[in-house]
1. Which condition number does M77 fail, the rest of (1) assigned to a strand (DSSP E or B); (2) under 21 Å from K204 (Cβ atoms) being met?
2. Of everything in the stretch 148-169, what is surrounded by fewer than 23 Cβ atoms within 10 Å (Cβ to Cβ) and not β-branched (V, I, T)? Give them in sequence order.
3. Of a type in the set (S, T, Y), modelled with pLDDT of 95 or more and part of a strand (DSSP E or B) - does that describe any residue in the stretch 243-252?
4. Hey, any hits in the stretch 191-214 for a residue that's among the aromatic types (F, W, Y) and farther than 24 Å from F144 by Cα?
5. Of the conditions (1) farther than 30 Å from V249 by Cβ; (2) in contact (Cβ under 8 Å) with a residue 60 or more places away in the chain; (3) crowded, with 18+ Cβ neighbours inside 10 Å, G203 clears all except one; give me its number.
6. Within the stretch 30-74, can you find the residues that are of a type outside the set (A, V, I, L, M) and assigned to a strand (DSSP E or B)?
7. Look at A228 and say whether it is surrounded by 15 or more Cβ atoms within 10 Å (Cβ to Cβ), under 19 Å from the mean Cα position of the chain (by Cα) and small (G, A, S).
8. Scan the stretch 73-92 and report the pairs whose first residue is within 23 Å of L38 (Cβ to Cβ) and whose second residue is aromatic (F, W, Y), with Cβ atoms within less than 6 Å and a gap of 6+ or a chain change.
Amino acid sequence: MRVFILGDLEGTAGVVDFHQQTYSDAKYYEQAKRLATLEVNALVDGVLEGGAQEVWFLDGHGPGGIDYELMHPEAQMIIGRPISAPWGLDASFDAFMLYGHHSMGNTERGVLCHSWSSRTIANCWLNGELIGEIGFNAAVAGSFGIPTVFISGDDTAIAETQRYVPNIVSVMTKRGLSQTSALSLAPAKARELLQTGGREAMGKIGEIKPFSIDPPYEFITELLDEKAVDAKAKRSEVERLDSHRYKIVGDTLVEIAHHR
Ligand SMILES: [Zn+2]
């Protein structure tokens, strides 16, 4: 079986601060990446125990969220930028997993919640519904017929995922208290649960249905900075809606991901 893990950094146990931990100039950035890598490795261990023959890991955190030197020897990594969906994902994969994710922007108590960019984007909508990376990427996998079988992150990221995949296997690394505070598991406990969760998720392949959203697609982005919309609106595929929002349309989510 082939497994594709899409990773982020905001859902890792112990990680709660943009400026101190997740931005590339943060004082504890290297430590945060190390914590994430050790969690990913535990997840990969579980996934292999559960029967995977091949594991791909995509580092989805903007400036990088993994210490590649410590990466699990049995996982292959998709690294570098620019990178956009479907990242090499195709119908030959059996399962899609979301590691270390965060809830969409403006989620109450959502630890490090944001939609794609904490610095530039306020909200996003897909076909009229608010959406973040979790829903969008699960739907990208679903468009290839691949089920999203695992999520780890804070309680709000898990609740968001369950809207799309009610029976998903989840590991809650922390309980959100605000966007920048949480009741967190210790890293060692999170790793233990990730290994068990990875194994359990492999057993759910076949039972969990792929999540998909029917085309055509209309994707609206609300930017924080009005001037940034001016720049976007110069592109032919972009339609400006008002001072802060623009829209793109497409027949596939891959197209949307390219242009949004
Ligand atoms: Zn991130």
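The values are calculated or read from the model by the stated rules, or taken from the named source; none is laboratory data. Values in this document were obtained by computation on a predicted structure and should not be read as measured data. Methodologically, a virtual Cβ is constructed for each residue, glycine included, from the backbone with ideal geometry; neighbour enumeration extends over all protein chains shown.
1. (2)
2. D155, A159, Q162, R163, Y164, P166, N167
3. yes
4. Within the stretch 191-214, not a single residue is among the aromatic types (F, W, Y) and farther than 24 Å from F144 by Cα.
5. So G203 meets the others, but not (3).
6. E54, W56, F57, D59 - these are the residues of the stretch 30-74 that are of a type outside the set (A, V, I, L, M) and assigned to a strand (DSSP E or B).
7. Spelling it out, it is not the case that A228 is surrounded by 15 or more Cβ atoms within 10 Å (Cβ to Cβ), under 19 Å from the mean Cα position of the chain (by Cα) and small (G, A, S).
8. What qualifies is A75/F57; Q76/W56; M77/F57; I78/W87.
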